[in-house]
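The values are calculated or read from the model by the stated rules, or taken from the named source; none is laboratory data. Because the structure is predicted, anything quoted here is derived from the model rather than measured. Cβ: placed from backbone, ideal geometry, glycine included. Neighbour counts: every protein chain shown.
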Amino acid sequence: GQLIGQEILDHLAYRGRVQRALFTAQDPKTLRQAFAQLKPNGDLRPLYEAAVARQQADQIFNLSLTRTATKTLLSPGVRGVIGIGRVKTPTLGIICLRELEIRNFRPEDYFEIAATATAAAGSFSMRHAPAANRRITDRARAEAIARAAAGHKGPLGVSVEHRRQVPPRLLDLPALQKTCSQRWGWNADKTLSVAQELYDGDGKKLITYPRAEARYLSENQIGDVPTIVGALVRLRGFAHIEVGAPVIRRGKSGHFYDKGLEGVAHHAVIPNMNVLDDLEPRLGRLSDDEKRLFALICRSYLAAVMPDYEYRQTIATVSVPVPGGPAEFRATGHIPLRLGWKTVYGALLPEKDGEGEPEQTLPPLSDGEAVTLTDPKVEAKRTQPPPRYSEGTLVEAMQNAWRFVKDPGLRDRLKEAKGIGTPATRAEIIKGLKRQSLLAADGKFVVPTSAGLQIFELLRGVAPSLVDPATTATWEMQLDDIVSRRTDFRVVIDGIAAMAGQLIEVLRGTPASAVDLSPAAAAAVRGRRQSRAAARRGSSKEPSAARTPRQRRSAKHTQPTASAGIAPQKSPHHSGKTRAAPPTTKMVAYAKSLAGNKKLKLPPGYAQDFETCRRFLDQHSR
């Protein structure tokens, strides 16, 4: 936003006084407050410089390396483009690495032993399930432990602990996208689209800015809590919730934390404070999906200011002597004492913290009392490969790119960064990779196509930094440092340009490889189109005479070519008009079916011109 506004001012050569209005919602009250608290535009110069650096980095890196990779890695005569993106290519790398991890995974069998334990107050289940690095992989040993456990009587070790669990952090856009993907199967783009409508839809404006990149609120928003809570609990869906006195949690582990907002433009997504006196008519304008998402955001806010969830955890253990060392059988019990913030969610869990030890309701147990094990059973289990990414978990992986870094020092530094991409661009990056047939949807998961895997393997072999999320995460951290005035934007641009230059030289020295740039179905369509075009042109010609890019020139101000009176040049191979290629029979049939189902008017020439038919299908088949 800062860049767009500044570019308009520069284009108009305006040199007068400029002030900036900053707001996180679009209702009249918020806008009036923003215009009553204008900031000098010069104070926001670092935001502009960071945007310039991002813009320049994308042009220098993405365009130069796309051109270089296409010209050097594709065999002569192979048509297509190997698109390289500073964020896009590492995102493809994340998906491909996981796919290869799954394909190369070798499952291992292991064993656990379950038994019934009987104490004075009743019976319960106990289990011998060693940690992953000590699993039992020998069935004979598992059976020996089961035989030793049968009828074993020994003292019970019991520990009882009163525990508390604080509410989850508030929602930013990646957290929203992950949650909506898990619960409702939404892709990242749909979540953003629904949130955007809640933010600025006509007569709605119910939430704050949805492309949030932080999960905190500022400490000066603490004063809004009673008003927001009071309005939300008057809604039908939340009337049963007794919030009581709001609990304000400050600091890094809380929800109100000024330091956590340093260097970011937008706080967590919450209900819009300034439309609370007009909620009912606004809610009546919402679609079912918008109601779902608004309820999720309201629950997140209410949970954040409610008491901790409190419970009593009991851990019971008994040791069974066996050759090679004793085997510990264990049971964990969990008794809720105070539901606190969990009242808001009911059966819904806001976030899954991962698989833990199975819990049960245990009878009253005393430390040291005797317990007898009976009916032991050996249970055969098998290790599982890591799960594929959904769009929600992929966005989370992009945000937490430090997890892909092996170097401990760099890993720790990148934990404080914001990953690769921005909340506003990640959904579009995923959509773009699908549009280019490098990624595809497989149910609720995202998987690489054969073309995507080929390009990943090719780039990883010749220039691994191109597909390494750590490379881009490091640059993203430096772009953030521009906002916080820790580095100069020109230094960052020069660094990215230098790296692009090095990678261009690496790619120039790489022999060409035959890469199938599309899945089989798309390749068949394109192949027919290309063969017809080649027959008209003469297949002996090269598809393009473009060269790899030279080193970048020094930055200088340039006017658009149109205003300089420069006409676009024709390609040296341009030979005037050529007859348009016809669409395939299936394309025409699908266009007719689509038009009938959606009551659309078919465009003139759709049955004769490939591009006309393709544009119609692209526009209406989603």
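Remarks
- Residue match in the stretch 237-253 (condition: outside the structural domain of residue 399 (by TED's automatic domain parsing), closer than 30 Å to residue 389 by Cα and either exposed (fewer than 14 other Cβ atoms within 10 Å of the Cβ) or out of contact with any Phe, Trp or Tyr (no Cβ under 6 Å at 6 or more places or on another chain) (or both)): yes
- When the stretch 578-617 is limited to residues that are of a type in the set (Val, Ile, Thr) and not in a helix (DSSP H, G or I), the one that is modelled with the lowest pLDDT turns out to be 578.
- Scope the stretch 383-429; condition among the aliphatic types (A, V, I, L, M), out of contact with any strand residue (DSSP E or B) (no Cβ under 7 Å at 6 or more places or on another chain) and under 17 Å from residue 469 (Cα atoms); matching residues: 395, 397, 398, 401, 405, 410, 414, 417, 420, 427, 429
- Looking across the stretch 439-468, the residues that are touching a residue at least 60 places away in the same chain (Cβ under 8 Å), within 19 Å of residue 501 (Cα to Cα) and not hydrophobic (A, V, I, L, M, F, W, C) come down to 460, 468.
- Restricted to the stretch 123-175, and to residues there that are of a type in the set (S, T, N, Q) and in contact with a strand residue (DSSP E or B) (Cβ under 8 Å, 6 or more places away or on another chain), the residue that is farthest from residue 260 (Cα to Cα) is 123.
- Among (1) modelled with pLDDT of 70 or more; (2) surrounded by 11 or more Cβ atoms within 10 Å (Cβ to Cβ) - the single one residue 511 does not satisfy: (2)
Yes/no matrix, rows are residues, columns are (1) surrounded by fewer than 21 Cβ atoms within 10 Å (Cβ to Cβ); (2) of a type outside the set (S, T, N, Q); (3) at negative phi; (4) over 23 Å from the mean Cα position of the chain (by Cα):
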{"residue": "264", "(1), (2), (3), (4)": "yes, yes, yes, no"}
{"residue": "289", "(1), (2), (3), (4)": "yes, yes, yes, no"}
{"residue": "306", "(1), (2), (3), (4)": "no, yes, yes, yes"}
{"residue": "313", "(1), (2), (3), (4)": "yes, no, yes, yes"}
{"residue": "327", "(1), (2), (3), (4)": "no, yes, yes, yes"}
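- Only one of 461, 495 that is out of contact with any helix residue (DSSP H, G or I) (no Cβ under 6 Å at 6 or more places or on another chain), modelled with pLDDT of 85 or more and within 19 Å of residue 404 (Cα to Cα): 461
Residues checked against (1) over 26 Å from residue 272 (Cβ atoms); (2) in contact with a strand residue (DSSP E or B) (Cβ under 8 Å, 6 or more places away or on another chain):
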residue	(1), (2)
1	no, no
20	no, yes
36	no, no
54	yes, no
59	yes, no
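- Any hit, the stretch 142-153, residues being in a helix (DSSP H, G or I), out of contact with any Gly (no Cβ under 7 Å at 6 or more places or on another chain) and of a type outside the set (A, V, I, L, M): yes
- The helices (runs of 4 or more DSSP H) located wholly in the stretch 413-517 that include 3 or more residues which are touching an Asp or Glu at 6+ places or on another chain (Cβ under 7 Å) and either outside the structural domain of residue 187 (by TED's automatic domain parsing) or at positive phi (or both) occupy 426-435, 450-462.
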